[in-house]
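Report on the following structure.
Nothing in this text is a laboratory measurement; each read-out follows from the coordinates by a stated rule. This is a predicted model, so every value here is computed, not measured. Methodologically, a virtual Cβ is constructed for each residue, glycine included, from the backbone with ideal geometry; neighbour enumeration extends over all protein chains shown.
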Amino acid sequence: MDHSSIYQDHGFFAQRVLSAKPSATKEMTRLANQLRREGRDVITLSQGEPDFAPPQHVLDAAKQAIDENKSYYTEVAGLLALREAVSRQFERDYGLRYSPDQIQVGCGAKQTLYNALQATVQAGDEVVIPVPAWVSYSEMVVLAGGKPVLVRCGADTGFKLTPEQLEEAITPRTKWLMLNSPSNPSGAVYSVDELKALAEVLRRHPHVWVMADDIYEKIRYENVAFATPAAVAPDLAERTLTINGVSKAFAMTGWRVGYAAGPLELIKAMNLVQSQATSHTCTISQYAAIAALDGPMDFLEKFVSHYQRRRDNLLASVEQTPGLSCLKPDGAFYALIDCQALLGQRNAIGQLIATDQDFALYLLREAGVAGVPGSAFGLPGYLRLSYAASDSDLEVALSRIKTACESF
Ligand code: PMP
Ligand code: GLU
């Protein structure tokens with residue numbers, strides 16, 4: 001934040017807000033939009049947002065809800081019918097049984113994560129976050145007054161946390177372990193065996209809870225299997241909160257519907273937080289989400305095949321680009337590109353590109369491509385691109401990046 005303001009001099013802003021960083025994905029997207037408004041040609045690959053429309057039956061359900069004037073306050077936890085649909089989905093997909101009381105619907109998965117951290121994290125509490133991780137986890141922990149404990153998981157472990165690293169990171173103050181598979185930003189997917197090995201460590205530390213963010217669950221390539229911690233280690237389900245939502249799988253980012261399932265007392269505390277904040281998400285969106293969860297899923301195959309083609313095009317282009325390399329992502333729609341070989345060099349216009357932030361800003365300003373520096377995800381030396389963009393945008397963006405890197 002801008003510390004020079006008169007508000008800061010008067011101690012107006014809360015310390016926890018001054019300590020937090022704004023969302024880098026949102027910030028890079030804002031900069032890209034600003035440049036575009038100034039007439040620049042900028043391609044935005046800085047925000048993970050499917051470029052498809054939601055399935056027609058979802059749109060129809062929303063229109064019907066509007067026509068029937070279903071625009072009232074719902075229960076804080078969300079419409080019972082929606083929580084029942086979520087409960088059916090958990091049972092159908094993973095054999096996990098949650099009653100509707102054990103489910104909270106929020107304004108996106110983001111709000112359910114926020115609610116859970118607000119409900120549980122106190123000053124001094126630690127939250128273990130394997131990095132690279134989505135930009136918002138650490139800042140949500142800071143906003144709750146806690147301490148993010150970032151554990152670096154580099155390319156050598158496929159950007160995944162090992163049991164040894166987990167064991168080492170846990171202290172008596174550890175409250176949560178955040179897990180996200182498929183991962184934003186790396187696309188890494190944890191196997192059943194990898195989750196079992198982490199669960200083995202957690203069994204030795206009964207005070208540590210698991211927050212499993214499964215939002216990219218449906219977006220996986222080449223039949224890579226999905227596993228969720230509560231199903232892999234049922235004995236830990238009583239200290240596991242599982243987060244999911246419709247934003248990514250159903251291309252419904254703007255509808256703002258996400259949900260969490262877990263132990264009843266935790267969900268009740270999260271409902272308390274939500275009851276004093278947003279009350280609930282939009283009713284129309286909730287009806288649309290019921291149609292999404294209960295409806296046919298055949299559209300997904302098409303979405304995923306498009307993402308896979310784009311991923312493969314991106315990997316092929318990165319391979320041809322001097323100074324860049326990338327591990328193949330198994331899921332989600334992000335590529336975490338290693339740009340360390342370029343750092344410390346001067347670009348075509350003589351600027352020193354010392355950090356991944358410099359590189360991301362160079363690409364934005366000079367090449368017209370918005371990505372997000374890896375340091376925002378806790379792993380400097382990388383650039384994250386979202387390939388949930390049209391084939392033509394992606395092709396142009398990749399060619400611009402290649403030209404920009406060739407000129408170093
Ligand atoms: N978790 C991860 C890992 C994400 O990338 C996102 C995307 N913003 C979210 C949660 C939140 O998604 P939403 O709030 O749109 O449901
Ligand atoms: N999850 C997406 C991303 O990481 C959307 C933006 C955000 O909420 O951070 O780009």
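Which one, GLY368, GLY39, GLY295, has the greatest fluctuation when you compute a Gaussian network model over the chain with C-alpha springs under 10 angstrom?
Of GLY368, GLY39, GLY295, the most mobile in the Gaussian network model is GLY39.
Given the options LYS147, LYS63, LYS110, state which has the largest fluctuation in a GNM of the chain using a 10 Å cut-off (strictly under) for Cα springs.
Judging by the Gaussian network model, the answer is LYS63.
Show me, for the stretch 40-56, the HN-Hα J-couplings you get by feeding each phi into the Karplus relation (A = 6.51, B = -1.76, C = 1.60, θ = phi - 60°), rounded to Hz, glycine and proline as x.
Each residue of the stretch 40-56 in turn: 7, 8, 10, 9, 9, 10, 9, 9, x, 9, x, 9, 9, 8, x, x, 4 Hz.
Can you list the aspartates and glutamates whose alpha carbon sits under 19 Å from that of LYS26, skipping same-chain ones fewer than 8 residues off?
Counting by Cα, and skipping residues close in sequence, LYS26 has these aspartates and glutamates nearby: ASP2, GLU38, ASP41, GLU49, ASP51, GLU139, ASP356, ASP358.
As a check on your grasp of the helix formula, calculate [θ] at 222 nm for the chain: sum -39500 (n - 2.57) over DSSP H runs of n ≥ 4, divide by the residue count, round to the nearest 500. Working shown, then result.
Values: 15 runs with 163 residues, N = 408.
My calculation for the chain gives -12000 deg cm²/dmol from helical runs alone.
Determine the dipole magnitude for the stretch 83-140: charges of +1 sit on the beta-carbon of Lys and Arg, -1 on that of Asp and Glu, nothing else is charged, the reference point is the Cα centre, and the result goes in debye to the nearest 20.
Numbers: 5 positive and 7 negative charges, 50 e Å.
Computed about the Cα centre, the dipole is about 240 debye.
Cut-off under 28 Å on the C-alpha distance; same-chain residues fewer than 8 positions from LYS196 excluded. Which lysines are left, in chain and number order?
LYS110, LYS147, LYS160, LYS175, LYS218, LYS248, LYS328
If you put +1 on each Lys and Arg Cβ and -1 on each Asp and Glu Cβ, how big is the dipole of the stretch 1-141 around its Cα centre, in Debye rounded to 20? Kindly include the intermediate steps, with their values, before the conclusion.
Numbers: 14 positive and 18 negative charges, 27 e Å.
Using Cβ point charges on Lys, Arg, Asp and Glu, the stretch 1-141 gives about 140 debye.
Tell me the Rg and the Dmax, in Å, that the Cα atoms of the chain produce.
Just the Cα atoms of the chain yield Rg and Dmax of 21.2, 62 Å.
Once you charge only the Cβ atoms, +1 for Lys and Arg and -1 for Asp and Glu, what is the size of the charge dipole of the chain about its Cα centre, to the nearest 20 debye?
The calculation lands at about 500 debye.
What is the set of long-range amide H partners of ILE43 at a cut-off below 5 Å, with H atoms built 1.01 Å from backbone N?
Distant-sequence amide H within range of ILE43: VAL369, ALA370.
Please compute the net charge surrounding LYS147, taking Lys and Arg as +1 and Asp and Glu as -1 over other residues with Cβ under 12 Å from its Cβ. Before the final figure, lay out the partial values.
Numbers: positive: ARG16, ARG173, LYS175; negative: ASP125, GLU126.
Taking every other residue near LYS147 into account, the sum is +1.
Ordered by residue, what ³J(HN,Hα) values in Hz, to whole numbers, does the stretch 337-348 give under the Karplus form 6.51 cos²θ - 1.76 cosθ + 1.60, where θ = phi - 60° and Gly and Pro are x?
My calculation for the stretch 337-348 gives 9, 6, 10, 4, 5, 8, 5, x, 9, 9, 7, 4 Hz in order.
Report the one residue of PRO172, PRO182, ALA227 whose Cα lies farthest in the direction of the positive end of the charge dipole of the stretch 169-242 (charges on C-beta: Lys and Arg +1, Asp and Glu -1; origin at the Cα centre).
With unit charges placed on the Cβ atoms, the residue in question is PRO172.
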